[in-house]
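Here the structure comes first, spelled out in structure tokens, and everything after it is commentary.
The values are calculated or read from the model by the stated rules, or taken from the named source; none is laboratory data. It should be emphasised that the depicted structure is a prediction, and the values quoted were computed from it without experimental measurement. Please note: Cβ atoms are built from the backbone with ideal geometry, for glycine as well, and neighbour counts cover all protein chains shown.
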Amino acid sequence: MRTSGHLLVAVGLVSLPAFAQDFRQASWGMTKAQVLASETKPPVEVRDSNGEVIVRFDSIKLAGLDARVIYIFAKDKLVRAKYLLGAEHADPNDFIADYQAIEPVLRDRYGEPTGQKAVWEDDSLQDERKAYLEQDRALPENILPSDRFAGLAISLGHLKLYAECADGRTKVLHALTGTDGHITHQIEYASVELRTLEGEVRSH
């Protein structure tokens with residue numbers, strides 16, 4: 001059942017970027033009202049943060065998995081958005097399996113990553129020392145669900161997985177990180193053209 005679940009994640013994500021739009025049914029630069037109209041249910045939260053407007057939708061199904069959707073607006077223009085995957089796993093290594101299942105789907109849409117890294121902050125749970133890990137286990141694809149304590153290392157912030165990809169309009173960051181035993185799996189989309197707008201808003 002584990003394998004079929006991961007296939008569902010992959011199959012479901014194939015349709016996400018297939019729209020002419022940039023994220024779900026929305027395009028970069030849309031107003032908050034236009035984005036709200038593109039969703040089928042009302043948001044659960046709308047708030048201001050450092051001059052930006054954050055809109056959150058809960059109970060979104062992403063390939064059968066619970067997820068949250070976050071839209072970020074600067075000067076009433078959509079500049080960034082993300083999926084926060086809400087999977088719960090008893091074995092933290094299963095989060096690595098989720099990450100590895102999604103990666104090839106993002107590559108099918110956006111091509112090979114423009115950058116990727118397995119960041120080792122602490123080697124205390126590993127059999128090898130940090131110098132070895134940073135050389136031979138330096139990429140997310142080198143981190144396997146079968147690796148002993150890898151999921152636990154992520155949950156404690158000892159290890160972080162990142163991959164970036166892009167097309168002409170959108171930059172995508174796929175990240176698996178953790179702190180205090182909690183793992184966060186997210187896919188963030190950002191407008192290439194409007195990337196400076198957030199900085200302008202935050203600087204005021």
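Taking Ala87 and the conditions (1) of a type in the set (Gly, Ala, Ser); (2) free of Cβ contacts under 8 Å to residues at least 40 places away in the same chain; (3) assigned to a loop (DSSP other than H, G, I, E, B), which numbered condition does it fall short on, given that it satisfies the others?
Condition not satisfied by Ala87: (2).
For the range 65-110, enumerate the residues that are of a type in the set (Val, Ile, Thr) and either surrounded by fewer than 18 Cβ atoms within 10 Å (Cβ to Cβ) or within 19 Å of Lys41 (Cα to Cα) (or both). Outline the logic, then answer.
Applying the first criterion (of a type in the set (Val, Ile, Thr)) to the range 65-110 yields 69-70, 72, 79, 96, 102, 105.
Those that are of a type in the set (Val, Ile, Thr) and either surrounded by fewer than 18 Cβ atoms within 10 Å (Cβ to Cβ) or within 19 Å of Lys41 (Cα to Cα) (or both): Val69, Ile70, Ile72.
Listed residues Arg24, Arg56, Arg2; which is among the charged types (D, E, K, R) and modelled with pLDDT of 95 or more?
Arg56
Looking at the range 90-119 only, could you name the residues that are aliphatic (A, V, I, L, M), touching a residue at least 24 places away in the same chain (Cβ under 8 Å) and not in a helix (DSSP H, G or I)?
Selection gives Ala118, Val119.
State which residue pairs qualify: first residue on the phi > 0 side of the Ramachandran plot and inside the range 51-74, second residue surrounded by 18 or more Cβ atoms within 10 Å (Cβ to Cβ) and modelled with pLDDT of 95 or more in any location, beta carbons under 9 Å apart, and separation of 6 or more residues or different chains.
Gly51/Ala74
Do we find that Tyr189 is in contact with a strand residue (DSSP E or B) (Cβ under 7 Å, 6 or more places away or on another chain), at pLDDT below 95, buried (at least 16 other Cβ atoms within 10 Å of the Cβ) and not acidic (Asp, Glu) in this structure?
Criteria not met by Tyr189.
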